[in-house]
Amino acid sequence: MKAKLLISSLLLGTAILAIAKGDPVLMTINGKDIKLSEFEYLYHKNNQQQVEKETLEQYVDRFVLYKQKVADAEAAGIDTTDLFIREFEGYQKDLAAPYLVEDTSYHWQMVAEAYERYKKEIDIDHFMLPLGNTPAETQSALNRMDSIRNCVLAGEKWDELAAKYSSDPSKARNHGHYGYISAGMFPYSFENEVYGTAVGEVSKPFKTQFGVHMVRVNNMRDRDDVHAKHILKLFPQNATEEQKAECKHKMDSIYALLKAGVNFEEMAKAESQDGSARNGGELGWFGRGRMVKPFEDVAFALADGEISEPFATQFGYHVIKKVAHGVAPLNEIRTGLENAISRDERAGLIKERRITDLKNKYNYRLNPDFEKMLNAKLAAGYDSAFVADNIKGNKMTMFTFGGKHSATVGELMPHINPKSRFATADDAKAYVLSCVEPVAEKALTDYHARELVKSNPDYRNLLNEYRDGMMLFEISNRRVWKAASKDTVGLENYFNEHRADYTWDEPRFKGIILSAKNDSVLDLVKADIQRMAADTLTEALHQKYGTDIRMERMVVKKGENNLADYLAFHEGDKPERKGYESFMILEGGVIAQPEEMADVRGAVTSDYQDVLEQRWKEELAAKYPAKINQKVLKQVK
């Protein structure tokens, strides 16, 4: 019965707050109007999920019952409990997440840019100086880099200047020449400068979190990667020449079959000893420098569709099938590009864009009086006293948004560090204002989630579906599922009244089987059984022997438990029970038909739930009668 109700709740969903003009009232239950749009949404959703379509009349009956149960849940105050509110708020946050993602247009702009850059490889020279400890020192490094740039433009040699002045630790081996790089190899801010500098040009000095940089672009070329599959026969560890020859012989046989037309992918699945075997030898796309040299040389030399002859690397013998060359299609590498974007500074840029959009959407305004306060108070310096006197507990409005909504200065406390030090009042003010951003972000995001209920029908429908589904589950649990299992007297009475309905078509073993760790323990147990009182036997045995024994109470037919099969039905070989190798029937035996309600408790409980469900339906119909507008019902599409 419980499963039936769960399925029903999923099919029915819950109410939509219909706000469209011209949306007529279809029915009224417990004083609440239910609009046509709400009913149609749930009716069509139900029909999409049903194997056998319901008639409109059938669905109306189920819909009315569903709304009556929700009304009963509301009358019981289920939606006002702390537990419900906490759980619902958690669901609300999760459900809102997909609707609060960053600006998709800006996201796809980033993906498109990454892919266009991915297509090109750029040969660069690189020069680096360390960042300063203060903004002034960093500016000095930028000025120094500009002087070095002028020397390069005047004709001085890059490698000689790099040897003297560059702080890049790689200069000892590359003399300031990085060679060809591709998108995604360096921080986004560095990549921007590289891809924004023309061939033959020297960039202006720029900074990243790692230092002050300058690059020269020497050349740009189209990316030329390879898409390949392979089959590998591994060399044994410390392989002898004889073992290597045997490995080659196996690969020669595989190659002969491939040349005869055997499917490469199926052969890879059957014969390859590489992890790619499960995917038919698929290696995906790779560029130069990604594979060991012999493998790379063969892969890049093949024509598209060509299969190589067997060749060796330090790992074993390979056969390669070259699928294609050039640049991987966007759909094949999009996930990788998006993952890279989510891990670097571009994720922050997308997030900033989103917050900016929310600020504009909800008319975010920083309070001018807050800025005036900062200007006045920070003139005396920033320290813990400033924070204690001017930030902590301050009820001044810090910013406003969405009409009447705001945040106070005191809300900065979790984000501000009283121990920070700044050289100037302007630096201190900039820091305090930066701490406003996480407060604004949370306030705007939370507000936007609440506004979604009004502005986004999909989200509104989904949210209300979860809300009413939670209520329906709890009220059904109280009135039917848990009520039946807890009503011991009701279950007993129902069983006694309907005893003839509960029969077995084959006998059951009913009793307790005791398992012991070995025969010695079992012999001790048998001796104790003779001396122990029957009414406290199981408790006494458990206290004396602890984990040396295990007792299982059961009602099972033949084939449902191997211990019962062996001991009670005398079927099969002695079971193997790890850790408990000896066993006996402690009490009970084989019975032909149920002796008491407990013998068929599951079936009785399910039937008794049906009884409680029917009683509840009758109560609901009397308590919350439905008034249906038949004219509006005819408008259902």
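The values are calculated or read from the model by the stated rules, or taken from the named source; none is laboratory data. Quantities reported herein were computed from a predicted structural model and do not represent experimental measurements. A quick note on method: Cβ atoms are made from the backbone with ideal geometry, for glycine too, and the neighbour counts reach across all protein chains shown.
Candidates in the stretch 33-61 are the residues that are at pLDDT below 90 and of a type in the set (D, E, K, R); of these, the one that is nearest to MET471 (Cα to Cα) is GLU38.
Go through the stretch 515-631 and tell me which strands (runs of 3 or more DSSP E), entirely inside it, have 1 or more residues that are at positive phi. Break it down stepwise before answering.
Numbers: elements: 549-557, 582-591, 626-628.
The strands (runs of 3 or more DSSP E) meeting that bar are 582-591.
Note on the stretch 58-87: residues that are surrounded by fewer than 18 Cβ atoms within 10 Å (Cβ to Cβ) and under 31 Å from the mean Cα position of the chain (by Cα) total 9.
Candidates in the stretch 436-447 are the residues that are in contact with a helix residue (DSSP H, G or I) (Cβ under 6 Å, 6 or more places away or on another chain) and buried (at least 19 other Cβ atoms within 10 Å of the Cβ); of these, the one that is modelled with the highest pLDDT is VAL439.
When residues in the stretch 50-73 are screened for being farther than 24 Å from LYS623 by Cα and of a type in the set (Val, Ile, Thr), 2 of them pass. All of (1) at pLDDT 90 or above; (2) of a type in the set (D, E, K, R); (3) closer than 30 Å to ALA347 by Cα hold for ASP94 with one exception: (1).
If only residues of the stretch 439-455 that are charged (D, E, K, R) and more than 24 Å from the chain's Cα centre (by Cα) are counted, the one that is farthest from GLU411 (Cα to Cα) is LYS454. Selection of the stretch 362-396 for residues being free of Cβ contacts under 8 Å to residues at least 40 places away in the same chain, more than 16 Å from CYS435 (Cβ to Cβ) and either among the hydrophobic types (A, V, I, L, M, F, W, C) or not in a loop (DSSP other than H, G, I, E, B) (or both) yields ARG365, PRO368, ASP369, LYS372, ALA376, ALA380, ALA385, ASP389.
Condition check for MET396 on (1) of a type outside the set (Lys, Arg); (2) within 34 Å of the chain's Cα centre (by Cα); (3) more than 30 Å from ALA598 (Cβ to Cβ): one failure, at (2). Just checking, which of LEU131, LEU95 is surrounded by 14 or more Cβ atoms within 10 Å (Cβ to Cβ) and touching a Ser or Thr at 6+ places or on another chain (Cβ under 7 Å)? Being surrounded by 14 or more Cβ atoms within 10 Å (Cβ to Cβ) and touching a Ser or Thr at 6+ places or on another chain (Cβ under 7 Å) holds for just one of LEU131, LEU95, which is LEU131. Spot the failing condition for VAL152; the list is (1) more than 25 Å from ARG346 (Cα to Cα); (2) without any contact (Cβ under 8 Å) to a residue 40 or more places away in the chain, and only one is missed. Answer for VAL152: the failing condition is (2).
Which members of the stretch 26-49 meet the condition of being without any contact (Cβ under 8 Å) to a residue 40 or more places away in the chain and touching an Asp or Glu at 6+ places or on another chain (Cβ under 8 Å)? Show your work before the answer.
Pass one, the stretch 26-49, residues without any contact (Cβ under 8 Å) to a residue 40 or more places away in the chain: 31-35, 37-38, 42, 44-49.
Scanning the stretch 26-49 gives LYS35, SER37, ASN46, ASN47.
Residue check: ASP565 meets all listed conditions (1) surrounded by 15 or more Cβ atoms within 10 Å (Cβ to Cβ); (2) out of contact with any helix residue (DSSP H, G or I) (no Cβ under 8 Å at 6 or more places or on another chain); (3) closer than 30 Å to VAL70 by Cα but one, namely (3).
When you check PHE422 against the structure, is it aromatic (Phe, Trp, Tyr) and surrounded by fewer than 19 Cβ atoms within 10 Å (Cβ to Cβ), yes or no? Against the criterion (aromatic (Phe, Trp, Tyr) and surrounded by fewer than 19 Cβ atoms within 10 Å (Cβ to Cβ)), PHE422 qualifies. Taking first residues from the stretch 451-469 that are assigned by TED's automatic domain parsing to the domain that holds TYR91 and touching a residue at least 40 places away in the same chain (Cβ under 8 Å) and partners that are of a type in the set (Asp, Glu) and surrounded by fewer than 17 Cβ atoms within 10 Å (Cβ to Cβ), the Cβ contacts under 8 Å between residues at least 6 apart in sequence or on separate chains come to ARG467/ASP79.
Is it fair to say SER140 is of a type in the set (S, T, N, Q) and either within 29 Å of LEU349 (Cα to Cα) or touching a strand residue (DSSP E or B) at 6+ places or on another chain (Cβ under 7 Å) (or both)?
On the way: of a type in the set (S, T, N, Q): yes; either within 29 Å of LEU349 (Cα to Cα) or touching a strand residue (DSSP E or B) at 6+ places or on another chain (Cβ under 7 Å) (or both): yes.
Taking the combined requirement at face value, the residue satisfies it.
Consider ASP344 carefully, then state whether it is modelled with pLDDT under 90 and not basic (Lys, Arg). So ASP344 fits the description; yes. Within the set HIS213, HIS177, the sole residue that is touching a residue at least 24 places away in the same chain (Cβ under 8 Å) and surrounded by fewer than 18 Cβ atoms within 10 Å (Cβ to Cβ) turns out to be HIS177. Residue by residue through the stretch 449-483, note down the ones that are among the hydrophobic types (A, V, I, L, M, F, W, C) and farther than 30 Å from TYR362 by Cβ. Hits for the stretch 449-483 are MET471, LEU472, PHE473, ILE475, VAL480, TRP481, ALA483. Taken as a whole, the condition of being out of contact with any Gly (no Cβ under 8 Å at 6 or more places or on another chain), polar (S, T, N, Q) and more than 30 Å from LYS442 (Cα to Cα) applies to THR313. Of the residues in the stretch 102-110, none is of a type outside the set (Gly, Ala, Ser), in the same structural domain as THR208 (by TED's automatic domain parsing) and touching a helix residue (DSSP H, G or I) at 6+ places or on another chain (Cβ under 7 Å).
Look at the stretch 488-506: where a residue is at positive phi and outside any loop (DSSP other than H, G, I, E, B), no partner that is exposed (fewer than 15 other Cβ atoms within 10 Å of the Cβ) and modelled with pLDDT of 95 or more sits 6+ places away or on another chain with Cβ atoms under 8 Å.
Residue by residue, here is whether (1) touching a Leu at 6+ places or on another chain (Cβ under 6 Å); (2) farther than 30 Å from ASN375 by Cα; (3) assigned to a helix (DSSP H, G or I); (4) not aliphatic (A, V, I, L, M) holds:
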| site | (1), (2), (3), (4) |
| --- | --- |
| PHE422 | no, no, no, yes |
| ALA428 | yes, no, yes, no |
| VAL436 | no, no, yes, no |
| MET470 | no, yes, yes, no |
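A single member of GLU539, GLU619, GLU560 is within 43 Å of the chain's Cα centre (by Cα), without any contact (Cβ under 8 Å) to a residue 12 or more places away in the chain and exposed (fewer than 13 other Cβ atoms within 10 Å of the Cβ), and it is GLU560.
Got a sec? Which helices (runs of 4 or more DSSP H) wholly within the stretch 113-219 have at least 3 residues that are over 36 Å from the mean Cα position of the chain (by Cα)? Quick ask: steps written out before the conclusion?
Details: elements: 135-153, 158-165, 171-174, 188-195.
Those helices (runs of 4 or more DSSP H) span 135-153, 158-165, 171-174.
Restricting attention to the stretch 334-392, the residues being under 29 Å from LYS419 (Cα atoms), small (Gly, Ala, Ser) and not assigned by TED's automatic domain parsing to the domain that holds TYR431 number 1.
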